[in-house]
Amino acid sequence: MEVVHKIGRRKTAVARVYVSEGKGNITVNKRNLEEYFSTATLQYKVKQPFSLTETDDNYDVKVNVYGGGITGQAEAVRLAISRALCEINEEHRLALKPEGLLTRDPRMVERKKFGQKKARKKFQFSKR
């Protein structure tokens, strides 16, 4: 098996994932997973596709991620890993799809409009 390359996005975070056969090492921006995503919740989100497909120690993952916040980055990595696992073995789709791991979350920050304070908030209205 050669290296599988997939992209995952969430808000403004973009994750490029390179999955190859190995011992289960996950490297994020040339740092260890536990070093980059310090909280257990974020580490769980990244490892979730492997635990659902029961392929915890079968693949090495190299990740380049940029943009957005740390939670958006973790969810972008999760989407990219899920897509890569589906390309490796189509049967993984049956485990990942019901959990919603193959769905790209389309919610983005709404842009600020001119003549307003923020995206939806207006300047204070004065009748007189």
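The values are calculated or read from the model by the stated rules, or taken from the named source; none is laboratory data. All values reported here derive from a predicted model rather than from experimental measurement. Cβ sites come from the backbone with ideal geometry, for glycine too, and all protein chains shown count toward neighbours.
Key figures
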{"item": "Candidate set from the stretch 85-116 (those that are in contact with a strand residue (DSSP E or B) (Cβ under 8 Å, 6 or more places away or on another chain) and assigned to a loop (DSSP other than H, G, I, E, B)); member that is nearest to Lys11 (Cα to Cα)", "result": "Asp105"}
{"item": "Restricting the stretch 100-128 to residues that are over 11 Å from the mean Cα position of the chain (by Cα) and polar (S, T, N, Q), the residue that is farthest from Glu21 (Cα to Cα)", "result": "Ser126"}
{"item": "Unique match (being closer than 12 Å to Arg9 by Cα and either touching a Lys or Arg at 6+ places or on another chain (Cβ under 7 Å) or at pLDDT 95 or above (or both)) among Ala119, Ala76", "result": "Ala76"}
{"item": "Residue ID - surrounded by the fewest Cβ atoms within 10 Å (Cβ to Cβ), chosen from residues in the stretch 77-99 that are of a type in the set (A, V, I, L, M, F, W, C) and under 16 Å from Ser20 (Cα atoms)", "result": "Ile88"}
{"item": "Given (1) assigned to a loop (DSSP other than H, G, I, E, B); (2) within 12 Å of Val77 (Cα to Cα); (3) of a type in the set (D, E, K, R), index of the condition Lys23 fails", "result": "(2)"}
{"item": "From the options Gln43, Gln73, Gln48, residue that is touching a residue at least 60 places away in the same chain (Cβ under 8 Å) and among the polar types (S, T, N, Q)", "result": "Gln73"}
{"item": "Every residue from the stretch 7-22 that is surrounded by fewer than 16 Cβ atoms within 10 Å (Cβ to Cβ) and modelled with pLDDT of 95 or more", "result": "Ile7"}
